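First comes the structure, then the notes that go with it.
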Number of protein chains: 2
Amino acid sequence: MEKPVKVGLLGLGVVGTGVLEILADHQEKIEKSIGCPLTVAKALVRPTEDKENLAKKYNLQLVHELTDIIEDPEIDIVVEVMGRIEPAKTFISEALKAGKHVVTANKDLLAQHGSELASLAHEQKRNLYYEASVAGGIPILRTIANSLAADDIQEVLGIVNGTTNYMLTKMVTEQMDYDTALKQAQELGFAESDPTNDVDGIDAAYKMVILSKFAFGMTITMDQVKVKGIRGLSGKDVTAADQLGYTVKLIGSTVKKNGSIAAEVGPVLVPSDHPLASIHNEFNAVFVKSSGIGESMYYGPGAGSRPTATSIVADLMTIVNKIQLGTIGHRFSEYTQPTQLTPPEEIVSKYFLSLKMPDETGQFLQLAEIMANAGAGLEQVVQEKATVENARVVVITHKMSETTMSQIQKDIAEKTNFELLSTMKVMGE
Amino acid sequence: MEKPVKVGLLGLGVVGTGVLEILADHQEKIEKSIGCPLTVAKALVRPTEDKENLAKKYNLQLVHELTDIIEDPEIDIVVEVMGRIEPAKTFISEALKAGKHVVTANKDLLAQHGSELASLAHEQKRNLYYEASVAGGIPILRTIANSLAADDIQEVLGIVNGTTNYMLTKMVTEQMDYDTALKQAQELGFAESDPTNDVDGIDAAYKMVILSKFAFGMTITMDQVKVKGIRGLSGKDVTAADQLGYTVKLIGSTVKKNGSIAAEVGPVLVPSDHPLASIHNEFNAVFVKSSGIGESMYYGPGAGSRPTATSIVADLMTIVNKIQLGTIGHRFSEYTQPTQLTPPEEIVSKYFLSLKMPDETGQFLQLAEIMANAGAGLEQVVQEKATVENARVVVITHKMSETTMSQIQKDIAEKTNFELLSTMKVMGE
């Protein structure tokens, strides 16, 4: 048995504690696999945090200064589980400069400064791994980097935010309204008291930035992802979609077309027989369309202390293997292509429109004219029985470009008395 | 750019042709990833096979003798895509002894002689990879070996035979009977003219032997897998299951309990909201329950020329990386545990029973007595309206051991006039 590999933890919250648990619970299998013990020697905590019991239970030393970890020659790998941008970014940079390998689950940081940190790690000939940053327990990054290396990926579609998927599941299966679903997600601990990052799609967008890099080798920025959340999504629209054979899901997508990509997050009508439609509650799934394999999907928990920690420990074991074999310093994703964005006029989709229009003769004709002028066809139309003076009309269009859709929205606003209640993209040919 | 790595193909059928296609279609990405071209230099075919057009198109040499490939110093890796046990086994052994790395998709061979071949590869310090042998395009073996290395797996449940899943999908969704579904699967090319290996569960059993090794480190033999197929499965039972909230699937399972495992293939009633219930047509999926991640599932095509070839090429690229890094000779799955089988009295499950009983007073009491004597409880009972003189009764029991179930079957045969039409396990707590 070789001497143990020692790890320094930056942060000791739920995920940090999960790492301690997984290392302890699966100690025998881990040792057998990597040929040596893997232990957390030190954890960086704030002086105000009371973590003495944890430290005692897992036999580790609590420290309050980064240097106590990165200047310790016994420590080989640093695990960052503090979250947010700073001081995490500085700490990871300092750790890499001090010659430590780094594992992190920090999606916000990687989406915004991933390239910079990956380059720093490469310069320092150190490994930077972050499997847990996308879809927690699902090993999607390693799968794309290794198993799909022989394939040509065309689309990655993900349910990569557990909070909103939980809410949408409740809205579909129990006809719960948006506010009740959010409240319940908060009570169950899925949503934070400020749910902005989840319900506005920002968290999912971070993950699509990282997935775009792995799937297509392209580095995009957050402002290049078109982001729409589910805030205020109407239960009526969810029900209307259901009746038309669709399930509303918050889908993060990154799609390649003629060498350029478009990344987007938004509520999408998914055909009910599509594998993504059956992903319920807080679960995540990533659906990949590629020219070799065809359709594949990877499903599991998107968050949670133990699933996230399991991914972190898998990263740790990969690094230990590489240290032992002397093959360190390779990037997690080596695939690089020039970044090219698809222009809006080439991004095509079917659309769902929900409208309120005065219950008068000739109103529907107006809508039909606007659509015909834009060259857009209608696939399905449902008009509800008029209540008081307004009719609610739900429409699914044939495929059209984002530019055409913008024109239609503009025409509806300028030429009619309709209220455009919502628009969503619709998956399918 | 380094000099090309050259591959020798043993066999040039649909999968072999797929390998040529994938290498050609994704050439640029593959070269970029491994830093050198990867080409097939020679293919072993029978003298009677006419493959001249393929050879010309992909610029490779056709040979008729194994030695032409394994004695060629230019060839680094041999890909076996002939199928069946012999001569594949001899050819792979000879290739390893001649110092070649080997990639194969041969599940029959690996399930029956995998340990022997893996040991030979290890002795020869060569790599033997076979991702494509289980669930074609789904990278399940690598995922278990790498990403789940930090986890403790409890159960692996797979829909790992596309033919039978296609047939069952038709039987459930279109109320097709067994014979019609089989005929359609044959017409579509999913089932061979002799469908024995598929419908009798043998193909799925091969895969469960391989998955047991990866998930639990245990080497079991085919006769240690309890195998039941779907041959002659009654459409009535499929419909009855559907009405009770279950979907019948052919499930391969390998389950750990107190350090021992039980591997099995058979038709199972899967709760309709379980992720495996929504795997339709010829698709495959492997569902993993583990203590760290919890529930995860990997979905994709189980067969087909291009998906299988994509997995093979991913294996080739892994080997090229290892050759370049000088880290060859490790086993595909390093995890090894002493093999221990769970005794039947500890294997528990709910059961579905479908019975025909005379339409006379007191018959049901007899069944209830047999169940009560065995200590088995009933969870759901459906009695159909009697036709002529017989009543058809469908029962779902509470959990009981295989031993108890055997006793009940024996009692029904000896003490009653019932006809036990079928028994299936039922997934769930």
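The values are calculated or read from the model by the stated rules, or taken from the named source; none is laboratory data. Note that this is a predicted model, so its numbers are computed, not measured. Note: ideal-geometry Cβ built from the backbone for every residue, glycine included; neighbour counts use all protein chains shown.
Can you pull out the residues in region A:21-76 that are assigned to a loop (DSSP other than H, G, I, E, B) and either in contact with a Pro (Cβ under 9 Å, 6 or more places away or on another chain) or among the charged types (D, E, K, R) (or both)?
So the first thing to find is which residues in region A:21-76 are assigned to a loop (DSSP other than H, G, I, E, B), and the list is A:26, A:35-37, A:45-51, A:58-60, A:64-66, A:71-74.
Result: A:CYS36, A:PRO37, A:ARG46, A:GLU49, A:ASP50, A:LYS51, A:HIS64, A:GLU65, A:LEU66, A:GLU71, A:ASP72, A:GLU74.
Screening region B:136-184 for residues that are free of Cβ contacts under 8 Å to residues at least 40 places away in the same chain and of a type in the set (Gly, Ala, Ser) and picking the one that is nearest to the other protein chains (Cβ to nearest Cβ) gives B:SER147.
Look through region B:67-81, keep the residues that are of a type outside the set (Val, Ile, Thr) and surrounded by fewer than 22 Cβ atoms within 10 Å (Cβ to Cβ), and return whichever of them is nearest to B:ILE323 (Cα to Cα). Spell out the reasoning first.
As a first pass, look at region B:67-81 and keep what is of a type outside the set (Val, Ile, Thr): B:68, B:71-74, B:76, B:80.
If we keep only those that are surrounded by fewer than 22 Cβ atoms within 10 Å (Cβ to Cβ) too, we end up with B:68, B:71-74, B:76.
On the way: B:ASP68: 22, B:GLU71: 19, B:ASP72: 17, B:PRO73: 15, B:GLU74: 14, B:ASP76: 9 Å.
Top of the filtered list is B:ASP76.
Inside region B:175-192, residues that are assigned to a loop (DSSP other than H, G, I, E, B) and in contact with a helix residue (DSSP H, G or I) (Cβ under 7 Å, 6 or more places away or on another chain) make up a count of 5.
Does B:ALA111 fit the bill of being part of a helix (DSSP H, G or I), of a type outside the set (S, T, N, Q), surrounded by 19 or more Cβ atoms within 10 Å (Cβ to Cβ) and away from chain A (no Cβ under 14 Å)? So B:ALA111 passes the test.
Counting only residues that are among the hydrophobic types (A, V, I, L, M, F, W, C) and within 14 Å of another protein chain (Cβ to nearest Cβ), which one in region B:326-371 is surrounded by the most Cβ atoms within 10 Å (Cβ to Cβ)? I'd like the intermediate steps shown before the answer.
Applying the first criterion (among the hydrophobic types (A, V, I, L, M, F, W, C)) to region B:326-371 yields B:328, B:332, B:341, B:347-348, B:352-353, B:355, B:357, B:364-365, B:367-368, B:370-371.
From what is left, the residues that are within 14 Å of another protein chain (Cβ to nearest Cβ) are B:328, B:332.
Details: B:ILE328: 16, B:PHE332: 21.
Per the criteria, the residue is B:PHE332.
If the condition is being over 21 Å from B:VAL313 (Cβ atoms) and either within 14 Å of another protein chain (Cβ to nearest Cβ) or basic (Lys, Arg) (or both), then region B:30-73 contributes B:ARG46, B:LYS56.
Selection within region B:284-314: residues that are part of a loop (DSSP other than H, G, I, E, B) and more than 10 Å from chain A (Cβ to nearest Cβ). The member of this set that is nearest to A:SER278 (Cα to Cα) is B:GLY302.
How many residues, within region B:320-364, are part of a loop (DSSP other than H, G, I, E, B) and more than 22 Å from B:SER406 (Cα to Cα)? Write out each step before concluding.
To start, the set of residues in region B:320-364 that are part of a loop (DSSP other than H, G, I, E, B) comprises B:326-340, B:342-343, B:347, B:359-362.
This time we only want the ones that are more than 22 Å from B:SER406 (Cα to Cα), so: B:326-340, B:359-362.
Total satisfying the criteria: 19.
Among the residues making up region A:1-14, a single one is modelled with pLDDT of 95 or more and farther than 21 Å from A:GLU65 by Cβ: A:VAL5. The residue that is nearest to the chain's Cα centre (by Cα), counting only those in region B:263-288 that are modelled with pLDDT of 95 or more, buried (at least 22 other Cβ atoms within 10 Å of the Cβ) and farther than 9 Å from B:ILE159 by Cα, is B:VAL265. Just checking, does region B:160-174 include any residue being at pLDDT 95 or above, in contact with a helix residue (DSSP H, G or I) (Cβ under 8 Å, 6 or more places away or on another chain) and closer than 28 Å to B:SER291 by Cα? Yes - at least one qualifying residue is present in region B:160-174. Taking region B:116-139 as the range and being among the hydrophobic types (A, V, I, L, M, F, W, C) and within 18 Å of B:THR219 (Cα to Cα) as the test, the residues that pass are B:LEU117, B:ALA118, B:LEU120, B:ALA121, B:LEU128, B:VAL134.
When A:ASP242 is tested against (1) modelled with pLDDT under 95; (2) surrounded by fewer than 16 Cβ atoms within 10 Å (Cβ to Cβ), just one condition goes unmet, and that condition is (2). Which condition does A:ILE85 not pass, out of (1) assigned to a loop (DSSP other than H, G, I, E, B); (2) surrounded by 24 or more Cβ atoms within 10 Å (Cβ to Cβ); (3) of a type in the set (A, V, I, L, M, F, W, C), if it passes all the others? Unmet condition: (2).
Take A:LEU60 and tell me if it is in contact with a His (Cβ under 9 Å, 6 or more places away or on another chain), buried (at least 21 other Cβ atoms within 10 Å of the Cβ) and more than 20 Å from A:GLN324 (Cβ to Cβ). Full working, then the answer.
Numbers: in contact with a His (Cβ under 9 Å, 6 or more places away or on another chain): no; buried (at least 21 other Cβ atoms within 10 Å of the Cβ): yes; more than 20 Å from A:GLN324 (Cβ to Cβ): yes.
It is false that A:LEU60 is in contact with a His (Cβ under 9 Å, 6 or more places away or on another chain), buried (at least 21 other Cβ atoms within 10 Å of the Cβ) and more than 20 Å from A:GLN324 (Cβ to Cβ).
Checked against (1) surrounded by fewer than 21 Cβ atoms within 10 Å (Cβ to Cβ); (2) on the phi < 0 side of the Ramachandran plot; (3) more than 14 Å from chain B (Cβ to nearest Cβ); (4) touching a residue at least 12 places away in the same chain (Cβ under 8 Å), A:GLY99 meets all criteria but (2).
Give the residue, chosen from B:LEU62, B:LEU12, that is over 26 Å from B:LYS107 (Cβ atoms) and in contact with a helix residue (DSSP H, G or I) (Cβ under 7 Å, 6 or more places away or on another chain).
Details: B:LEU12 fails: over 26 Å from B:LYS107 (Cβ atoms).
When all the criteria are applied, what remains is B:LEU62.
Taking the criterion of being in contact (Cβ under 8 Å) with a residue 60 or more places away in the chain and hydrophobic (A, V, I, L, M, F, W, C), the residues of region A:296-314 that qualify are A:ALA303, A:ALA309, A:ILE312, A:VAL313, A:ALA314.
Between A:LYS57, A:LYS125, the distinction of being at pLDDT 95 or above and more than 15 Å from A:PHE332 (Cα to Cα) belongs to A:LYS57 only. Being in the same structural domain as B:VAL313 (by TED's automatic domain parsing) and over 28 Å from the mean Cα position of the chain (by Cα) is a condition met by at least one residue of region B:87-98. The numbered conditions (1) in contact with a helix residue (DSSP H, G or I) (Cβ under 9 Å, 6 or more places away or on another chain); (2) within 14 Å of another protein chain (Cβ to nearest Cβ) are all true for A:LYS207 except (2). Collect the residues in region A:256-283 that are in a strand (DSSP E or B), in contact with a helix residue (DSSP H, G or I) (Cβ under 6 Å, 6 or more places away or on another chain) and either farther than 26 Å from A:GLY232 by Cβ or not small (Gly, Ala, Ser) (or both), keeping them in residue-number order. Once the filter is applied, which keeps residues that are in a strand (DSSP E or B), in contact with a helix residue (DSSP H, G or I) (Cβ under 6 Å, 6 or more places away or on another chain) and either farther than 26 Å from A:GLY232 by Cβ or not small (Gly, Ala, Ser) (or both), region A:256-283 yields A:LYS256, A:ILE261, A:VAL265, A:LEU269, A:VAL270.
What do you reckon, is A:LEU23 hydrophobic (A, V, I, L, M, F, W, C), within 14 Å of chain B (Cβ to nearest Cβ) and more than 30 Å from A:ILE220 (Cα to Cα)? Explain how you work it out, then say what you get.
Values: hydrophobic (A, V, I, L, M, F, W, C): yes; within 14 Å of chain B (Cβ to nearest Cβ): yes; more than 30 Å from A:ILE220 (Cα to Cα): yes.
Answer is yes for this residue.
Listed by position, the helices (runs of 4 or more DSSP H) inside region B:194-255 whose residues that are closer than 30 Å to B:ALA391 by Cβ number at least 2 are B:235-243.
When residues of region B:365-408 are filtered for being assigned to a helix (DSSP H, G or I), among the charged types (D, E, K, R) and modelled with pLDDT under 95, how many remain? Step through it out loud before you land on a result.
First, the residues of region B:365-408 that are assigned to a helix (DSSP H, G or I): B:365-374, B:402-408.
Within this subset, residues satisfying the condition of being among the charged types (D, E, K, R) are B:369, B:402.
Subsequent filtering for residues that are modelled with pLDDT under 95 retains B:369.
Residues that pass the stated criteria total 1.
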